[in-house]
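Working notes, structure below.
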Amino acid sequence: MSITKEQWAEIEKQLSGITGRVKLMCDGYEIDANIERCKMRLYVMVYVDGCFKGEWIANREGSEIPLKFYREQKRPAAGAKMRAWYLKESKSRFWSKEQRAEHAAKARKTFSTWIPYWPNAKAFCRHIRKTCTSIELVKIGY
């Protein structure tokens, strides 16, 4: 059974207030989305099968859970000064063509972490719709 447009609106409404909880079944995983406060801001925190594991943040094992339910955050691998230096040196004739390409690649290199919370309900719902094939509503506001 798929979620109707009215149910999606109710889920977004529930997760847009000060307090709110929604339980979904997505691709065989039980997803708990709760409104939680962190440093005077409200976020939609996502728990998969009732828990959150720190190993999902880095996702070094290649697990599908963070890819499906968490928000990807990309950061540059080098600091601002080093990126500027790599970019400058990638244009310098002092280096060989291969070394210039290497410097350009180092300037563009990023790493990803997966954050278990979403800034708002709309972003969470949009991501879930995009990444999951079967979504069922279990409970709203339990």
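The values are calculated or read from the model by the stated rules, or taken from the named source; none is laboratory data. Given the structure is predicted, the values throughout are model-derived calculations rather than measurements. Every residue, glycine as well, gets a Cβ built from its backbone with ideal geometry; the counts of neighbours run over all protein chains shown.
For segment 48-59, check the following and say yes or no: at least one residue is of a type outside the set (D, E, K, R), in the same structural domain as Ile135 (by TED's automatic domain parsing), under 17 Å from Val138 (Cβ atoms) and under 16 Å from the mean Cα position of the chain (by Cα). Looking for residues that are of a type outside the set (D, E, K, R), in the same structural domain as Ile135 (by TED's automatic domain parsing), under 17 Å from Val138 (Cβ atoms) and under 16 Å from the mean Cα position of the chain (by Cα), one finds at least one in segment 48-59, hence yes.
Tally the residues that are part of a strand (DSSP E or B) and either among the hydroxyl-bearing types (Ser, Thr, Tyr) or surrounded by fewer than 14 Cβ atoms within 10 Å (Cβ to Cβ) (or both), restricting the search to segment 102-135. Going through segment 102-135 one residue at a time, the tally reaches 5.
Scanning segment 72-101 for residues that are part of a loop (DSSP other than H, G, I, E, B) and of a type in the set (Gly, Ala, Ser) returns Ala77, Ala78, Gly79, Ser92, Ser96. Looking across Arg37, Arg60, Arg71, Arg93, one residue alone is in contact (Cβ under 8 Å) with a residue 24 or more places away in the chain and not hydrophobic (A, V, I, L, M, F, W, C). It is Arg71.
Summed over segment 49-106, residues that are on the phi > 0 side of the Ramachandran plot and among the charged types (D, E, K, R) total 1. Only one of these conditions is not met by Arg83: (1) basic (Lys, Arg); (2) in the same structural domain as Glu12 (by TED's automatic domain parsing); (3) touching a residue at least 24 places away in the same chain (Cβ under 8 Å). Which number is it? Single failed check for Arg83: (2). Which of the residues that make up segment 104-122 are in contact (Cβ under 8 Å) with a residue 60 or more places away in the chain and aliphatic (A, V, I, L, M)? Scanning segment 104-122 gives a single hit, Ala121.
Each residue in segment 1-35 was checked for being farther than 15 Å from Gly141 by Cβ and out of contact with any helix residue (DSSP H, G or I) (no Cβ under 8 Å at 6 or more places or on another chain), and 8 pass.
Evaluate the following for Ile18: is it β-branched (Val, Ile, Thr), farther than 22 Å from Leu67 by Cα and over 18 Å from the mean Cα position of the chain (by Cα)?
yes
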